[in-house]
Amino acid sequence: MLSRTLTALLLLSAFGGAGGGEGGPSGFELAGALIPAESIHAGGPPRDGIPAIDNPRFVSAAQAGWLRDSDRVLGLEYDGEARAYPVAILNWHEIVNDRFGGEGVVVTFCPLCGTGMAFSARAAGRELGFGVSGLLYNSDMLLYDRGTESLWSQILGRAVSGPLAGTRLEPVPLVHTTWGAWRAVHPGSRVLSRETGHERDYGRDPYAGYADSDGVWFPVTRRDPRYHPKEPVLGLALDGRHKAYPFTELARLDGPVRDTLAGQPVEVRFDALARSAVATDGDGGLLPAVTAYWFAWIAFHPDTEVFTAP
């Protein structure tokens, strides 16, 4: 496994930039943080060294000819509009501050944890704009909002330090799947353009080989050997209960999983070809589940239930 120092140097080389700041790491104040300050680590690039996309442009599916059917995307249908965010772009930016019908939505992706999550940008009575802090907790990205400079945990979906500490973001369901699978269901989907305003080689993966390795580049508070660290799981949180649906377990079944979590009916559907899973409620509505690497889900939710195929 690569040392944390070497990993940070490799990420600095890939993204460019260096620096820190006064106060805590990258200049953020960590006094009174809701997570242990000693468990917050610098990921390599400094604050905004990985630049968020603030003015996203979109093209039609026909104009996104560079996307192959097998390429990974985060698919989001919101306010009657479907959009696809290619992971090849998100690897370099991690955050897209987007808008649907005048409402702010922040789309996030952490390459180290394999987690794509979207949230309403409105919290604590205001609309927030987010940037990449350059800091990690349990190897997962910490966002920061530009208004108060509070730090936000992506997987926890809440602020963990700063004036808004304890405030939660409202999750917006999305699907982590292939471009071919998303386009088949949403042929009119728009696609995040590679014209981002930043010079990046979107044909190159700065994390090539990471998803197939055993290594976890940064410290985590808990390990669990039941599955490979990078085993994809669909993680679901309902009313304080957590459950993981490992893809290797879902792949053993011929149909959907009908389950109950926190007293609520849940159906999990797995697409083996697209290596994608979604969870719906009793009315068929999409739930804000997250596809994550096993190591990341168990680090944040050590109390999780785990689905195993009969």
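Using Cβ point charges alone (K and R +1, D and E -1), the dipole size of the range 70-214 about the Cα centre works out to roughly 220 debye. Summing +1 for each Lys or Arg and -1 for each Asp or Glu, what net charge is found among the other residues whose Cβ lies under 15 Å from the Cβ of Gly240? Net charge around Gly240: +1. With θ taken as phi - 60° and the Karplus curve 6.51 cos²θ - 1.76 cosθ + 1.60 applied, the whole-hertz 3J(HN,Hα) list for the range 183-197 is 5, 4, 8, 10, x, x, 4, 8, 10, 4, 6, 6, 7, 9, x Hz, x standing for glycine and proline. Among beta bridges identified by DSSP and lying wholly in the range 38-191, the antiparallel ones come to about 95 percent.
A convex hull fitted to the Cα coordinates of the chain yields 134 cubic angstrom per residue. Between Phe295, Phe130, Phe100, which gets the highest mean-square fluctuation from a Gaussian network model of the chain, Cα cutoff 10 Å? Checking each option, the largest mean-square fluctuation is seen for Phe100.
Counting protein heavy atoms only, the chain has 48 percent of its accessible area on carbon and sulfur, 1.4 angstrom probe.
Based on DSSP H segments of at least four residues, each scored -39500 (n - 2.57), the chain has a per-residue ellipticity at 222 nm of -3000 deg cm²/dmol. What the Cα atoms of the range 225-309 give is an Rg and a Dmax of 11.8, 35 Å. Beta bridges from DSSP with both residues in the range 235-310: antiparallel share about 90 percent, rounded to the nearest 5.
The range 117-189 and the range 59-92 have Cα centres lying 18 Å from one another. For the chain, the relative contact order works out to 19 percent when only alpha carbon pairs closer than 8 Å and six or more residues apart are counted.
How much net charge surrounds Arg122 when only the other residues with a Cβ under 12 Å from the Cβ of Arg122 are counted, with Lys and Arg +1 and Asp and Glu -1? Residues near Arg122 contribute -1 overall. Within the chain, the longest segment free of exposed loop sites, counting GluC sites (Glu not before Pro) that fall outside DSSP classes H, G, I, E and B and have at most 14 other Cβ atoms within 10 Å, spans 23-194. Restricting the calculation to Cα atoms, the range 189-240 shows an Rg/Rh of 1.10 when the hydrodynamic-style radius is the Kirkwood one.
The trypsin sites (Lys or Arg not before Pro) of the range 204-310 that meet both conditions, a loop assignment by DSSP and at most 13 other Cβ atoms within 10 Å of the site Cβ, are Arg204, Arg222, Arg223, Arg226, Arg252.
The values are calculated or read from the model by the stated rules, or taken from the named source; none is laboratory data. Predicted model only: the values in this text are computed from it and were never measured. FYI the Cβ positions are ideal-geometry reconstructions off the backbone, even for glycines, and counts take in every protein chain you see. SASA here: full protein model, heavy atoms, side chains in, ligands and nucleic acids out. Shrake-Rupley method; radii C 1.70, N 1.55, O 1.52, S 1.80 Å.
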